[in-house]
Amino acid sequence: MKILLHVCCGPCSTFPVMALKEQGHDLTGYFYNPNIHPYTEFRKRLETFEQYAGKVGLPVMIDSRYDLDEFLRSVTFREGDRCRVCYGMRLRQAARVARAGGFDAFSSTLLVSPWQKHDLIKDIGEAAGKEAGVSFYYCDFRAGYREGVRISKEEQMYRQQYCGCIYSERDRYLYSKKAGQNGPK
């Protein structure tokens, strides 16, 4: 299949790109991430992905708009459900781009992380695909998470410590397991 792979960052792309290529798919990476904060983080993730894609010969489509305002407007008063909003924004856009580009399907590197909500990503991806008229290719890449980490370290890629949104950055610093805090009260 000709698959458009939504990419959140370079490190998370390593295993899904390898796995999908091994499955024989014709792959194009697509970077669209209006959730990433701050702008310097957005640039680091974009540049790291572009460097990796160039090294492995992955064709890419880059949406370099820094549309943080749209993300924040969409998530305001829905902070507790922010992942649903975030996944929806990115997967609906990927579905539209896949449809317009004549792809057979689209998928996402979000599916490699053991910390992402896989059932939610799958549900939103399938709904976005149905809405756009293109299939969502669900593949549970989590089994390759450690392999992807190994590859990204070998490649000396910039490795981020939070999913990208301002809320996850806050939680990373504000709530620590050492203090027995697991999140907002």
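What follows is calculated from the coordinates using simple rules that are stated; it is not laboratory data. Since this is a predicted model, take the numbers as computed values, not measurements. As a convention, Cβ positions derive from the backbone with ideal geometry for all residues, glycine included, and neighbour counts pool all protein chains shown.
What is the gain in length, in nm to one decimal, between PHE77 and ALA100 on full extension, counting 0.36 nm per residue of separation less the C-alpha to C-alpha distance?
On the way: separation 23, 0.36 × 23 = 8.28 nm, distance 3.22 nm.
Value of the extension gain: 5.1 nm.
Residue separation times 0.36 nm, minus the C-alpha to C-alpha distance between MET18 and VAL56: what's the value? Display every interim value, and only then the final one.
Numbers: separation 38, 0.36 × 38 = 13.68 nm, distance 0.92 nm.
Roughly 12.8 nm would be gained on extension.
At what distance in nm do the modelled label points of ALA143 and LEU174 sit from each other, each positioned 7 Å from its Cα along Cα→Cβ?
Output for this residue pair reads 3.8 nm.
Points 7 angstrom from Cα along the Cβ direction at LEU120 and GLU70: gap in nanometres?
Taking the simple label geometry, LEU120 and GLU70 are separated by 2.1 nm.
Tell me which of GLY57, GLN23, PRO34 sits at the most positive position along the dipole axis of the chain, charges placed on C-beta atoms (Lys, Arg +1; Asp, Glu -1).
About the Cα centre, the residue reaching furthest to the positive side is PRO34.
Where does the Debye-calculated log10 I(q)/I(0) of the chain sit at q = 0.11 Å⁻¹, using only Cα point scatterers of equal weight, no solvent?
Here log10 of I(q) over I(0) equals -0.45.
Less than 12 Å Cβ to Cβ from THR14, Lys/Arg counted +1 and Asp/Glu -1: what total charge do the surrounding residues give? Intermediate values should be presented prior to the final figure.
Numbers: positive: LYS21, LYS55, ARG146, ARG150, LYS153, ARG159; negative: GLU147, GLU154, GLU155.
Combined, the nearby Lys, Arg, Asp and Glu give +3.
Once phi is turned into ³J(HN,Hα) by the Karplus curve 6.51 cos²θ - 1.76 cosθ + 1.60 with θ = phi - 60°, what whole-Hz value does each residue of the range 66-71 show in order, with x for glycine and proline?
Rounded to whole hertz, the list is 9, 9, 4, 4, 5, 4.
Mind jotting down the distance between the C-alpha centroids of the range 14-70 and the range 89-111, whole Å?
Between the Cα centre of the range 89-111 and that of the range 14-70, the gap is 13 Å.
Once you charge only the Cβ atoms, +1 for Lys and Arg and -1 for Asp and Glu, what is the size of the charge dipole of the chain about its Cα centre, to the nearest 20 debye? Let's see the in-between values first.
Details: 28 positive and 22 negative charges, 102 e Å.
With only Lys, Arg, Asp and Glu charged at Cβ, the dipole is about 500 debye.
If each residue of separation counts as 0.36 nm, what is the full-extension length gain between LYS153 and ALA127 once their alpha-carbon separation is subtracted?
Values: separation 26, 0.36 × 26 = 9.36 nm, distance 3.47 nm.
Difference between extended and current length: 5.9 nm.
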